[in-house]
Amino acid sequence: MTTLTTDKIKEISDQLDCGFRCFLHRQNNKLLFIPDTTRHIEIDTEAWATEIDELENNFDNYFEIDQLESGDTFRIMQQFTDTLKDTNQLKEKLIDALQNKKPFRQFKFIIDNSRAYRQNWFDFKSRKIQEWVVSKLDSFG
């Protein structure tokens with residue numbers, strides 16, 4: 001398997017972050033993305049019929065790059081919080097959110113309402129998911 005470009009790694013991370021399953025062809029590095037119907041059972045997959053047929057007929061030719069588990073995402077949220085200065089009130093709010101019930105919802109609400117840091121969060125999360133994708137690709141050899 002050849003090394004994937006930074007753009008391809010970003011594409012994989014973006015699609016995983018949007019809830020898609022990602023498959024990488026073992027020989028030619030072709031990427032296939034399909035909706036995760038186990039998480040989104042109501043989604044109409046007709047638009048992805050070609051990709052689904054390709055996978056059904058050639059599944060052994062593809063690696064699946066797994067989505068992040070909730071624990072992985074939680075660690076990314078913690079790491080982002082750790083990058084903030086101790087004197088930052090946002091940091092205190094995010095720490096509280098991560099320690100309470102429904103931490104994902106609370107974290108998202110706080111970030112979505114922090115104009116100055118919202119894009120910083122998205123950029124940080126994107127970099128971390130890309131690093132995660134690279135580690136998964138390395139495990140494939």
Per the filter on segment 31-68, residues closer than 30 Å to LYS102 by Cβ, surrounded by 15 or more Cβ atoms within 10 Å (Cβ to Cβ) and hydrophobic (A, V, I, L, M, F, W, C) are PHE33, ILE34, ILE65, LEU68
For segment 23-45, the count of residues that are part of a loop (DSSP other than H, G, I, E, B) and either of a type in the set (A, V, I, L, M, F, W, C) or in contact (Cβ under 8 Å) with a residue 12 or more places away in the chain (or both) equals 8
Of LEU4, LEU32, the only residue that is under 16 Å from the mean Cα position of the chain (by Cα) and among the hydrophobic types (A, V, I, L, M, F, W, C) is LEU32
Checked segment 69-83 for anything among the hydroxyl-bearing types (Ser, Thr, Tyr) and either in a loop (DSSP other than H, G, I, E, B) or open to solvent by 20 Å² or more (accessible area, probe 1.4 Å) (or both); matches are SER70, THR73, THR83
Handout entry: Residue in segment 1-22 that is assigned to a loop (DSSP other than H, G, I, E, B), out of contact with any Lys or Arg (no Cβ under 9 Å at 6 or more places or on another chain), basic (Lys, Arg) and within 30 Å of PRO103 (Cα to Cα) present
Key = no
Exercise. Is at least one residue of segment 50-68 in a helix (DSSP H, G or I), under 15 Å from the mean Cα position of the chain (by Cα) and closer than 23 Å to ILE110 by Cβ?
Worked result: no
Residue pairs within 9 Å by beta carbon, gap of at least six or interchain, first lying in segment 120-137 and open to solvent by less than 60 Å² (accessible area, probe 1.4 Å), second in a helix (DSSP H, G or I) and of a type in the set (Phe, Trp, Tyr), listed first then second, are TRP121/PHE80; TRP121/PHE107; PHE124/PHE80; LYS125/PHE80; LYS128/PHE80
- Query: In this structure, does LYS93 turn out to be part of a helix (DSSP H, G or I), more than 18 Å from ASP17 (Cα to Cα), open to solvent by 70 Å² or more (accessible area, probe 1.4 Å) and at pLDDT 95 or above?
  - Reply: yes
Taking segment 105-115 and keeping residues touching a residue at least 24 places away in the same chain (Cβ under 8 Å) and either more than 17 Å from the chain's Cα centre (by Cα) or more than 12 Å from THR73 (Cα to Cα) (or both) leaves SER114
How many residues of segment 77-130 are farther than 23 Å from LYS10 by Cα and of a type in the set (Val, Ile, Thr)? The answer is 3
Result of the Cβ filter at 9 Å on segment 75-98, keeping first residues that are under 17 Å from PHE109 (Cβ atoms) and of a type in the set (Lys, Arg) and partners that are at pLDDT 95 or above and part of a loop (DSSP other than H, G, I, E, B), at least 6 apart or interchain, is LYS91/LEU84
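The values are calculated or read from the model by the stated rules, or taken from the named source; none is laboratory data. Because the structure is predicted, anything quoted here is derived from the model rather than measured. Backbone-built Cβ (ideal geometry, glycine too); neighbour counts: all protein chains shown. When the accessible area is computed, the model is the full protein with side chains, heavy atoms only, and any ligands, DNA or RNA have been set aside. Shrake-Rupley method; radii C 1.70, N 1.55, O 1.52, S 1.80 Å.
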